[in-house]
Every structure is written in C-alpha cells, then in structure tokens.
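Student: Structure provided below as structure tokens; questions to follow.
The values are calculated or read from the model by the stated rules, or taken from the named source; none is laboratory data. These numbers were taken from a predicted model, which means no experiment stands behind them. Cβ placement follows ideal geometry from the backbone for every residue including glycine, while neighbour counts extend to all protein chains displayed. The area values use the complete protein model at the heavy-atom level, side chains included, leaving out ligands, DNA and RNA. Shrake-Rupley method; radii C 1.70, N 1.55, O 1.52, S 1.80 Å.
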Amino acid sequence: MIIYTNAGNPFGLKLLVCAKIAKKEVQVKTISLNDAELKEMKHLPILQLESGVQLFSTDVAVKYLLQGETPVIQRDEWLEWSTTRLAPALTHNMAVGNRQDPNAKPILNSLVKFLDDCLSKNTFLTGEKLTSADIAVWSLLAPDGTLKGAQNIDNLLRWYRAINAMPEVKAALEQLPLKELSFASLKHSNRFEGLHHIVLDPEIIDFEGQVLVDTSDNIAATVQKEEIQAAKDSFVVAQERAVPEEKVVLPKVGQKNNLITSALPYVNNVPHLGNIIGCVLSADVFARYSRLCGYNTLYICGTDEYGTATETKALAENLTPKQICDKYFEIHNSIYRWFGIGFDYFGRTTTAEQTQIVQDMFKDLYAGGFIETRAVDQLLCQKCDRYLADRFVEGTCPYPGCGYEDARGDQCDACGKLINAIELVRPRCKVCNTSPIIRQSSQFFLDLPKIEPKLREWVDKAEHGWTHNARVITRAWLKEGLKSRCITRDLKWGIPVPLEGYEDKVFYVWFDAPIGYISMTSRYSKEWKQWWQPSAETKVDLYQFMAKDNVPFHSVMFPASLIGIDKGYTLVSHIMATEYLNYEDGKFSKSRGVGVFGNDAHDTGIPADVWRFYLCSSRPEGQDSSFSWNDLAARNNNELLKNLGNFVNRALVFCEKYFDSIIPPMVLNEEDFTLLALINRDLKGYVHQMEKARLRDGIRHLLGISRYGNQLMQAEEPWVLVKGTDDQKTRAGTVIGLCCNLACVLATLIFPFMPSTARNLYAQLNVSSGQIESEKPQMRIFLPSGHKIGKPAVLFNKIDQAKIDELKKKYAGAQQQAPKATPAKPASNKLFTSLVEAQKAVDEQAAKVRKIKSTGADKSVWQPEVNILLELKKQLQTLSQPRTSESTAQPSQAAPSDPEPETVQSLEAEIAKQGEKVRTLKGNGSEKSVWQPEVSVLLALKEKLAKLTGVVAPAPGGGGKKKNKK
C-alpha cells in the first residue's frame, strides 16, 4: 500500500500512524496535486491499496486499516467530529492575514473544552481502549502551536502524552517529522485550498471561558519583515486610473470582462428581504466592486413575466396579464431604485426581442435533433378550466420516507427531490383547492440525455468558480442521470411555439426565462453578441446570482440548451448561490403580514444603505440565516455608528479643528508601517473575498481596517499631542493624516455596500471617487499633505430600542390567540442515541440561550432554557462514555416493547375511516386517478399498524380477488 501526501499534512500522519498500529506495510510518497500518480484524484492524502484502488477519505482509510474496532458507532462519530468540526476550526484559528476568522478562537475553545471533559472519565475517547478516533484527533493537535497557551486541560494533555509515547507514533514521526506538520500545508492538499472554504458556525459556541489564551502581546507580533518593507514601498501617492466614460459597456480583448446577472424576480409579487439579498442586491454589490477594480462590467436583470402565476394573479385582481405585468414591473423597479440597485439595464421578458430569440433558439435545438415530442399526462383543473403548471399543483410527496403534504408539482421542499406533478399523492389545485384530473397532451421535450456527455465535461471545468451549494446541487442532478425535460405547456400567457399545428402551446417558463438575460442585453445594446457570443480572443466571465432553488436551471437546463445550440454562447463561469434568509424565527409571509418586504423597508425610516449593509452582513452564504430586528440595531449602532462612523468623523473633525482642514505632513515610524502591514492584510483579504462574492467576509475585513484606525487614535491621543512640543505636534499631524487616508480607503471599500454613504464621505474628503487595485491591494497615500478636505458630518444615526420594538411588533403579522394546549415536554426529556444528534441539540439550545440573553430578557425567561441546556449536556457527556454490555442490554425507554393502546386504537380508527373513503369513491364509479391515491394512503396506514403490532394487515377492502385459504 502507498500513502500519497503533501509535505506537512496532518491527515497524512493520521494514515501512517494507523498503518503502523495495524502492522501494515506502507510506503509514504510526498507529492504535489499536479503529480501524475494522483490521476483524477485531486486530493491529498490518499491511501492506495494493493489492488490500485485509491481511498481519498482518510476516515474510510483508517476504518479499512483498523478493521474490527469497537465500539463502532462512537468511533465513527468521533472520526466525523474530528474531520468536520475540529479540523476546520484549527485551520481557521492557525491562519493569518486574510484567512483569519474571528469566530475560530471561541469555537476552538468550546471544542477543546469538550475534548477535555470527555477525557475526564475515560482513558481514550471511546473508552479504555485506543481506536483510530484517538489517532485522528491526536494528529490534528500534533502540529506546533495548535495548543499554544492552553490552560486547564490536564485530561487532554495526559491523553496526548500517552499517544505521543506510543512506539507506533514514534516510528511514524521518523518518516513524517512533527516539526514539519502545519495546517498551512492543507492549502496545497486539494483544489479548494484546504479547509478554508468550510464556513465556521459561531452558534456552536457553548463555552464562554478561555482554554486557548492568546500568548502573543498583540497581533503586530505576527507581522513579518517582508510585510513591513512592502508597506513602506507602497505608501506613496496613488496614481489615479483613467476611467473612460462610455455610454455602452462592451467587452474588450485582453481585459477582464464581467457579465453579471441576477435571477429574474417573478413579476406577480412584491419581493421580500430574502429575495432582495439572494439575487439583485448581491449582484449589485459585486457589480459595483467590479467597476471599482476597473473591469468592464455589465449588470443585467429584469422581471420574469410569463406563466400561469401571472394569469392567476390577473384573475385575482381582475386585470389582464399584461396589466398585471405593467403594475408589478413598476413596483419592482421602484423598490430596487430605492435600494440603490444600479442595473445597467432592467428589462422584461414580455418583449418582441425575447419572443424572437426564444423561438430562434428553439428552432436551432429542433434542427439539431435535441427536441422530442411526447404525449404526456397533465393535470387539468375542471373548475378553473385550465391545465395546471407544476408550481400550481400541491399534494403529498410520493417518495417513501418523506410524505411532505405541501410538495409542489415540480419539487418537494422537504426532501429536495424532483417530482412530476401527476405523481403527487392527493394532488390539489393551488388556486381553487379541488382535485384535478389527468388528461393527455402532446408536448416538446429537451433531450437532456443526448446533451449530458458534453454538459458533464463542461461542469467538470466550470464548477470551480461556483459556490459550494451550487456544486452539490448540480452533482446531485448529474448523479441520478439527466432525463428529458418538458419545455412546453398548454397555457395562454407565454411565448408561442413557432411550429405549425402547435400554435396553442407556449414555452414553459423555465426554458424561456433564462434566455431573458440575452434578450435584455439585446435591448441594452445592438452589439449584444459581443457579450453572449464573443470572439475567440475575448474572454467573458459570466457571474449569475441566485438563491439555491434556482441553481438547476442555471447549472443544468440553460447551459444544456446553449451547448445543444452550439453557437459559441457564453456559459456561466461563476454561480453565486445563497441559502435562504428567514424572518426572525419563521418565514416571510405577505398574506399574514409577517416580515419586511421591499416596499416596507422605505416606510421604516431606516436609510437604504443601512438595509444594504445589514442584509449583506447577514447574507446566507454557507447556511440559512435569519433577519433579526435586534441584530439590525446592534450592527447599526456598533459596527456602523461606533466603529466606522465614529472613526471617520473623529479623524475629519480633528483635521478641520486643528489643521484648518488641510492634511498635515506625515512622518511615519516603524510602528506606523507595522500598522500599515496589518491594514494591507485586510485589504488583500477584502479583495480575495470580494472576488469570490463572499460579501460577509468583505465587510469583516473593511470593519477590521476601521478598528485599526480607532485603535491608532486611542493609543496616540492626538488631541493631547497637538498641545505639546513641536515633535508631539508633528506626531499628531502624522496620526491625523494617516487616519484621514484610512477614511478615504474606507469610503472606497464601503462603496459597493453603501453607495450613498460612500458618496457622502467622498464629499467630506473632497475627492470625486475611489478605485481598487485588485492585482496589488496596498495602502497608498490617497490624500497627500496639503490636500484640503470638505466639511465633516455624521454618517450614521443610532436606532433606539423603542423604534426596534415598534417595528418588530408592526411586522410580526396578525397574532391570533391560540387555544391553550398541553405544554410540550422540554427538549431535555428526549433521549438521544447518537453523539452527533446530541451535540446538535446542545448547539441549538446553546444558540437559543444566547439569543434570549442578548435581548436583555429577565432571568425568569432564560433560566428554564439554561436548565434544558444543562440536561442536554449531561446526555452528551453520557453518550461520550463507552457503552457496556450491561447498559446495552437494558430496554430502551424511548421504545417500549408493547405499543400503547391509544396509538393502536387511533390508527385503527384512521384505517376504518380511510377504507370507507376508498369504498365510496370506487362505488361512485370514479376514475382510477381519483381513488388510487386514497388507496396508497390506506396501505401506508395499514403498514404503520403492522409495524406497530406485528400483525400483517389484510388487503384494502373492496378491491381485488380474495385468496383461497390453505
């Protein structure tokens, strides 16, 4: 066997130690990702078996090496914990510069404390016997500096030293020396640059103490000589880049050309905050950043206006579909204007250009043999007298183990699987709630299986620029294999199919809507093909912003159409997909008046720029996030007002008061250049994150710069120095000059997020605009000595708690008095059988406690929740202990051997009621499509009863032949 690893990789040591313990002969080869021996596996380390099979999961590899380990469940849970929790936290904590994560230290404190607590009762992690779980965790803690400054971890240190003294470990360290181990090596271990792409979840912090104390005097101690020299070399007067004024932006050969789109908002509703940050705002922030960098940038968006949803809305408001589109187009347009969304063109899909391009592209696909004709079953609502589009059919998910009752006709939001509308159990029309019938109709299908080989080849090359969730969703589709997808519908409101005999059909919205990006570009410029069908010498990067539910249409459907047409169309290079933004503890609901919608934001009196900043700082990038009124106020009052606004205002007011609004001469010392080196780290971090549209991290870096500015002001106290000796006055001038220059940098960095605020600050600084040098982001002199600033003014205002309480109540919806019910048992009463499940419960409860405490609630409110957290932690501690044969022999309290009589009786009653329903439907002569779903429900109930009682249920009454008794 061979272990392929890169130099210093702790995971490679993990494999080698386990191989030594298993007494397996292995060869260690230190290679790079580009080595030919890796073949297609761009991941290190890898264990190659004698058969040639390569195992890239180190957890799978150690299980293979040490087969027969017990207890298996606990070992597997610890292996998963070490890989998915400990390793990412250590990676982020050991990082420097733009890869630093402020959440890493407290999260790591919690994890190390948890380890020490578990080892207080056991010799090893799973009991008194060492397993691969111990080696996995030990290997991650082995690199130098991992436990630097640790205190009160006697149990962990005892365990660590015991493993370190093992002969197998010593033998392994002779091949892979301890001093060479480093988490920096993980950057070269896979194509994702290690584990930095894993976003740490701050809500898992449930330990408020400090185990790992920062032993360095301050962060300045980490600055290298090379960084200081670079800061000295770059701190010169910035050369302003000439920006040509062009009426029409077109791509240029040899330059960076960014074509940016946002998922087209559907026209029949008012967008809420989640819609806005998921699409148009995120794309706008990135487009503004892109222009600051001097890239040729075009931002295209518009409203998606065809489909049944528009027809339904028109009926509800007694308008024509065209009138509905006109009305809501203006609503969307006005909302986005208020939010400061700077589209280059904001269009519509109901244009002659859209019709022409969609029909032409269909003809190309048809001529190329990528269109099939099939007779399909469709759901017809007789009451509404219309065929139902997939999204206007709801019912129970047909997939086993799901059963979600509000699944849509195209996809189940609970299990995430695709659904054909006719497969839904108990389908119902979303408009009138009646049961539709099945009718056959001839439709056109896009032959995705024929395009799939080329699509897969393209995805392999393109997905590196996509967000993680976009890659996962796309791979899930490809894993199952693509199927032909219907592209037409029997509807009235849509683009007609341009073939004789099919004039009564229109294109399905998923097929025509993405083409809207192209038609809207054609409305922007007659030279639109330069963006969408560029020459071979012109490189266009297409960035598409959306929420995760839109990913398949942009990563599979639309690219498949363009690949099938094969006319050199621009394909998406960067899919920027978010998760979902929820409202407080629930979902946005216009009908119930819950949540803030686009037109509501204006009415709150809170400036649009504050909304933009807050939404970007809460952007659901790695996981779902929630809008919180208290969090909005906290970020405004602390991050904007106290940090950013306070620093900028103090610097400019001081310059006005003591230096007659003139930037004084600056004589920097070594400490100043060290500070500039730290600021350069954040500048590089800002650019690094913004290039990947990680807006939250971009904000984190720009706020880091303003914190450095505040610290400089507080440490130097220029208001004291200016009254002292000539040298002290010179020093005061240096500090203020430096701070004003930092304010100028910040004006540029905040421009993508808060354009109005940035323009205000530019005016106070007496500069026209700013720019970003993305190739070499360094702190330069933007306001040279002698420059006269404008009049300082406050940038932000405090949001009072009374205002927040008022808004929270206003947008909480109509709260109905619910009937009193039996109190639910606290979460601590639930018995867990999995360490992972218990850890998750602890994390969630800890987050709940912190959230309640942050609101300033009385102790009587949060103390019961703290008690539940303590009980959950006890369970977690118990589960981390070894399971003895005596304990496993005891019957589970959560699973009694005999079913409760009440449960059996209620099921029997449901079965009797459902059986009667089936017999009635069959007796009325109903079609099979009507009674078959009810039979499925009956069978499911009987199967449930059979599992509960152990008695096999008879066949459903009224149907089929009776079997002869033997």
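Student: Which FRET efficiency, nearest 0.05, do Lys791 and Trp719 yield, Cβ-Cβ r, R0 22 Å?
Tutor: In this case the efficiency is close to 0.65.
Student: May I pose another question? Considering only protein heavy atoms and a probe of 1.4 Å, how much of the accessible area of the stretch 389-463 is carbon and sulfur, as a whole percent?
Tutor: Exposed carbon and sulfur together represent 46 percent of the surface.
Student: What does a probe at Asn433 reach in the stretch 385-426, counting residues whose amide N is under 19 Å from the point 7 Å along Cα→Cβ?
Tutor: Output list for this probe position: 385, 392-397, 405-409, 425-426.
Student: Using 22 Å as the Cα-Cα cut-off, could you pick out the over-long pairs in Lys450/Lys567; Lys14/Lys129; Lys567/Lys692; Lys548/Lys692; Lys450/Lys548?
Tutor: Lys567/Lys692; Lys450/Lys548, as the Cα separations exceed 22 Å there.
Student: Can you give the FRET efficiency to the nearest 0.05 for Thr373 and Thr320, using r as the Cβ-Cβ distance and R₀ = 25 Å?
Tutor: Rounded to the nearest 0.05, the efficiency is 0.20.
Student: How large a share of the accessible area of the stretch 609-648, in percent, is made up of carbon and sulfur atoms when the probe is 1.4 Å and the other protein chains stay in place?
Tutor: Carbon-and-sulfur percentage of accessible area, whole number: 44.
Student: Compute the distance in nm between two label points, each set 7 Å from the Cα along the Cα-to-Cβ direction, one at Asn867 and one at Lys913.
Tutor: Roughly 3.6 nm, to one decimal.
Student: Measuring from label point to label point, each 7 Å out along Cα→Cβ, what is the Asn630 to Asn760 span in nm?
Tutor: Placing both labels 7 Å along Cα→Cβ, they lie 2.7 nm apart.
Student: Figure the gain on full extension for Ile2 and Val72 (residue separation times 0.36 nm, minus the Cα-Cα span) and round it to one decimal in nm.
Tutor: Net length gain for the segment: 22.7 nm.
Student: Computed FRET efficiency, Cβ-Cβ of Ser589 and Val60, R0 35 Å: what is it to the nearest 0.05? Provide the component values of the computation, followed by the final result.
Tutor: Values: r = 44 Å, r/R0 = 1.26.
Working from the Cβ atoms, E equals 0.20.
Student: Which values, in whole Å and largest first, are the semi-axes of the equivalent ellipsoid of the stretch 340-462 obtained as the square root of 5 times each eigenvalue of the Cα gyration tensor?
Tutor: 30, 21, 20
Student: On to the next question. What is the extension gain from Lys657 to Asp144, computed as 0.36 nm multiplied by their sequence separation minus the C-alpha to C-alpha distance, in nm to one decimal?
Tutor: Once the chain is fully extended between Lys657 and Asp144, it gains 179.6 nm.
Student: What is the percent carbon and sulfur in the accessible area of the stretch 9-66, measuring with a 1.4 Å probe over the protein chains and ignoring ligands?
Tutor: 51 percent
Student: Right, another one. Ranked highest first by the average count of other Cβ atoms within 10 Å around their residues, in what order do 26-38, 657-669, 730-742 fall?
Tutor: 730-742, 657-669, 26-38
Student: Taking amide H positions as placed in the peptide plane 1.01 Å from N, state which residues far from Ala547 in sequence (5 or more) or on other chains have amide H under 5 Å from it.
Tutor: Amide H neighbours of Ala547, under 5 Å, 5+ apart: Thr578.
Student: Assuming a ≥ b ≥ c are the square roots of the Cα gyration tensor eigenvalues, decide whether the stretch 642-795 counts as rounded (a/c under 1.5), prolate (otherwise, with a/b larger than b/c) or oblate.
Tutor: In terms of gyration-tensor shape, prolate.
Student: Further question: Any idea of the accessible area per residue across the stretch 689-822, 1.4 Å probe, to the nearest Å²?
Tutor: Roughly 48 Å² per residue, with all protein chains present.
Student: Take the residue pairs Lys232/Lys776; Lys642/Lys808; Lys247/Lys322; Lys430/Lys454; Lys322/Lys430; Lys23/Lys170 and return only those whose Cα atoms are more than 26 Å apart.
Tutor: Lys247/Lys322; Lys430/Lys454
Student: Sticking with this structure for a sec: Cβ neighbours within 10 Å, averaged per peptide: list 509-521, 162-174 in order, most packed at the top. The partial results should precede the final answer.
Tutor: Values: 509-521: 24.9, 162-174: 15.2.
My ranking of the peptides, most packed first, is 509-521, 162-174.
Student: Could you tally the net charge around Phe286, taking each other residue with its Cβ under 12 Å from the Cβ of Phe286, Lys/Arg +1 and Asp/Glu -1?
Tutor: With Lys, Arg at +1 and Asp, Glu at -1, the net is +2.
Student: Can you tell me the accessible area per residue over the stretch 2-204, all protein chains present, probe 1.4 angstrom, in square angstrom?
Tutor: 43 Å²
Student: Gln801 to Ser120: extension gain in nm, 0.36 nm per residue of separation minus the Cα-Cα distance? Working shown, then result.
Tutor: Numbers: separation 681, 0.36 × 681 = 245.16 nm, distance 4.47 nm.
Gain on stretching Gln801 to Ser120: 240.7 nm.
Student: List every residue whose amide H lies under 5 Å from the amide H of Ser661, counting only residues 5 or more places away in sequence or on a different chain, with H placed 1.01 Å from N in the peptide plane.
Tutor: Amide H to amide H, under 5 Å and 5 or more residues apart or across chains, Ser661 pairs with Glu656.
Student: Please list, in chain and number order, the residues 5+ apart from Gly790 or on another chain whose amide H is under 5 Å from its amide H, with Hs placed from the backbone.
Tutor: Under 5 Å from the amide H of Gly790 lie the amide H atoms of Leu765, Asn766, each far enough along the sequence or on another chain.
Student: Just the number: Rg to Rh for the stretch 686-770, Cα atoms, Kirkwood Rh, two decimals.
Tutor: Ratio of gyration radius to Kirkwood radius for the stretch 686-770: 1.08.
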